[in-house]
Amino acid sequence: MDKWLIVAGALLIAVGVLYHFAPWLFTWFGRLPGDIRIESEHSRVFIPITSMIIVSVVLSLILGLLRRF
């Protein structure tokens, strides 16, 4: 379990560094068709349905591949 936590931490750090130095790579995320964004004068509501489905599918694929090894 400790190795998996180290790998997960390293991946999070890599994504954070990439987001810091190349934010244009992530501008599409959260603005996909199916993501609900409601803005009014006094409030904002954002429901990232499509983005979370993509995250779920990608994580499921990665975890499925890691389980085989």
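Worth pointing out:
- Rounded to the nearest 20 debye, the dipole size of the chain about its Cα centre is 280 debye, using +1 on the Cβ of Lys and Arg and -1 on the Cβ of Asp and Glu.
- Directionally averaged projected area (the range 1-42, Cα convex hull): 5.3 nm².
- Length added when fully stretched, residue 18-residue 47, from 0.36 nm per residue minus Cα-Cα: 8.0 nm
None of the figures in this text is laboratory data; all of them are computed from the coordinates on show. A quick note: this is a predicted structure, and the numbers were derived from the prediction, not measured. Here the Cβ is made from the backbone with ideal geometry for all residues, glycine too, and neighbour counts use every protein chain on show.
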